[in-house]
1. From D450, D431, D399, grab the single residue that is touching a residue at least 40 places away in the same chain (Cβ under 8 Å), surrounded by fewer than 15 Cβ atoms within 10 Å (Cβ to Cβ) and among the charged types (D, E, K, R).
2. Open to solvent by 60 Å² or more (accessible area, probe 1.4 Å), in contact (Cβ under 8 Å) with a residue 60 or more places away in the chain and over 19 Å from E179 (Cα atoms) - does that describe any residue in the range 97-108?
3. Six or more apart or on different chains, Cβ under 7 Å: which pairs go from a residue in the range 224-237 that's more than 19 Å from V141 (Cβ to Cβ) to one that's open to solvent by less than 10 Å² (accessible area, probe 1.4 Å) and more than 7 Å from the ligand (Cβ to nearest atom)? Could you list them?
4. Out of the residues in the range 109-118 that are outside any strand (DSSP E or B) and open to solvent by 20 Å² or more (accessible area, probe 1.4 Å), state the one that is nearest to the ligand (Cβ to nearest atom).
5. Taking the options A164, A194, name whichever one is closer than 29 Å to G21 by Cα, without any contact (Cβ under 8 Å) to a residue 24 or more places away in the chain and aliphatic (A, V, I, L, M).
6. Quick test of your reading of the structure: Y253 fulfils all but one of (1) in a loop (DSSP other than H, G, I, E, B); (2) more than 16 Å from the ligand (Cβ to nearest atom). Name the failing condition by number.
7. Out of the strands (runs of 3 or more DSSP E) lying entirely within the range 267-349, which hold 2 or more residues that are more than 10 Å from the ligand (Cβ to nearest atom)?
8. Search the range 15-36 for residues being open to solvent by less than 10 Å² (accessible area, probe 1.4 Å) and either of a type in the set (K, R) or more than 24 Å from M124 (Cα to Cα) (or both), and hand back the single one that is nearest to the ligand (Cβ to nearest atom).
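The values are calculated or read from the model by the stated rules, or taken from the named source; none is laboratory data. Just so it is clear, the model here is predicted, and its values are computed rather than measured. Virtual Cβ from ideal backbone geometry, glycine too; neighbours counted across all protein chains shown. Surface areas here come from the heavy atoms of the whole protein model, side chains and all, with no ligands, DNA or RNA. Shrake-Rupley method; radii C 1.70, N 1.55, O 1.52, S 1.80 Å.
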Amino acid sequence: MGAAVSNWRLANAVARTGQMGVVSGTGIDTVFVRRLQDGDRGGHMRRGIEQFPIRRAADEAIRRYYRPEGRAPGEPYTMLPMYRQVVSPARQELTMLATFVEVFLAKEGHDAPVGINLLTKVQMLALPTLYGAMLAGVDYVLMGAGIPREIGGVLDLLAGHQPARLRFDVEGLPSGAVEYLEFDPGIHWETPPAPLARPKFLPIVASNSLAKMLARKATGQVDGFVIEGPTAGGHNAPPRGEPRFNERGEPIYSENDKVDLAKIKELGLPFWVAGGTGHPERLIEARKDGAAGVQVGTLFAFCDESGLAEPIKRSVLAHAARGEVDVRTKPRVSPTGFPIKVVEWAENPAVGATRERICDMGYLRVAFMTADGKVDYRCPSEPEAAYVKKGGKLEDTIDRQCLCNALLSVIGHPQINPNGTEEPPIVTSGDDLATIGGFLGGRTSYTAADVVAYLLSGRCEA
Ligand SMILES: Cc1cc2nc3c(=O)[nH]c(=O)nc-3n(C[C@H](O)[C@H](O)[C@H](O)COP(=O)(O)O)c2cc1C
């Protein structure tokens with residue numbers, strides 16, 4: 001769960017129960033440098049950094065970002081340079097280091113598998129992020145929000161420290177032209193280490209056709225699927241066909257959007273079902289349908305170990321326990337263009353806060369070709385004038401919000417704006433939050449182990 005809601009601590013706690021723990025790789029480099037700037041309480045980042053084999057990158061990160069006393073009150077975070085098609089080796093190494101540390105800490109002290117989740121749409125950091133995770137021995141790579149057709153092959157190459165590339169989506173490319181994102185592990189080593197284990201690759205899909213296409217046409221091996229339905233937290237796949245909306249402005253899903261699990265089973269690969277499956281009976285059902293298990297987000301997002309900022313977690317849970325939360329699927333908020341679920345509740349600190357249009361982290365920027373043949377970048381959450389000047393359509397900016405800043409805010413690392421205010425958060429969750437009261441049974445908090453015990457309480461092994 002992005003950005004660092006499923007952080008190393010949560011993934012580690014889940015893995016200690018014997019299940020697979022998954023860390024989010026989205027924006028992990030910014031999360032990492034913000035933790036360092038906030039004093040690295042507990043010393044966990046530094047413990048991970050000590051293990052990173054490329055020492056100059058480790059030393060540089062400490063020198064530039066570690067603030068033993070934290071930031072002064074009201075002091076903004078030092079930003080990382082935004083990613084572009086080509087970045088310096090040092091920028092790549094910082095990304096590799098951040099991912100390495102997250103996976104290293106998630107794997108510490110147990111033998112259960114640990115995965116990393118990436119959004120396919122966030123293309124520019126994908127290669128160094130994957131490589132950093134592999135250096136720490138990540139066991140699974142899970143990727144949705146796009147069509148991760150080339151990732152299996154990339155993992156094969158990176159395991160052997162071979163150069164890898166991804167086709168780079170650039171709008172307005174002349175027909176027949178192709179741009180790539182390239183990454184050469186070799187430039188980071190004097191002598192590359194022994195080959196790495198190739199993690200298993202699980203695309204996250206919301207349709208039979210995409211699963212079938214990936215099973216047949218992906219480069220490298222696909223090792224299974226996560227099948228995610230539209231009640232899941234975070235981004236959702238849009239409904240198929242002509243978009244229709246209910247009276248709350250939410251996309252309407254129909255029978256056409258249901259994935260036929262019998263057909264998924266025919267592909268002969270293991271699969272996990274996600275979206276509203278955080279219930280023991282849903283796990284039993286999924287297993288009857290041939291699934292290897294379930295992927296659960298919402299219940300874990302609000303457990304003690306998750307990265308959600310404590311005050312937000314407590315406030316949302318207290319309201320949810322009384323049935324006083326509303327989870328809305330908002331089609332326009334996310335610059336990705338995918339619908340995203342947003343939690344609304346009475347004490348939401350974002351209500352009444354002004355959200356300035358901004359793009360200063362740039363993870364969701366889209367690349368385009370300029371009139372003079374260069375690659376430039378734009379995000380529909382940036383100021384309208386800048387977006388339009390770069391050839392973007394004004395209507396694409398309507399209602400878009402800077403998800404990068406909002407998601408850093410929700411995990412307790414909000415940027416401080418020039419006027420001294422904090423960037424407001426956006427809390428995402430699955431529809432299951434509305435009925436979490438039953439699971440809570442009067443509790444005000446619970447652990448990841450409580451969630452796993454609950455899910456397995458129908459005595460279905462998973
Ligand atoms: C707070 C939150 C953030 C999420 N972020 C991501 C993400 O970055 N990438 C992703 O593939 N899925 C993300 N998800 C979806 C989960 O990985 C999972 O598939 C989903 O939550 C399962 O459905 P459930 O919410 O009904 O349990 C997120 C879910 C939540 C609740």
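1. After ruling out the rest, the residue left standing is D399.
2. Scanning the range 97-108 turns up no residue that is open to solvent by 60 Å² or more (accessible area, probe 1.4 Å), in contact (Cβ under 8 Å) with a residue 60 or more places away in the chain and over 19 Å from E179 (Cα atoms).
3. Hits for this filter: P230/N236; G233/K341; N236/P339; N236/K341.
4. Step by step, filter the range 109-118, then rank; the result is P113.
5. Among A164, A194, only A194 is closer than 29 Å to G21 by Cα, without any contact (Cβ under 8 Å) to a residue 24 or more places away in the chain and aliphatic (A, V, I, L, M).
6. All conditions are met except number (2).
7. It comes to 325-330, 340-345.
8. G21
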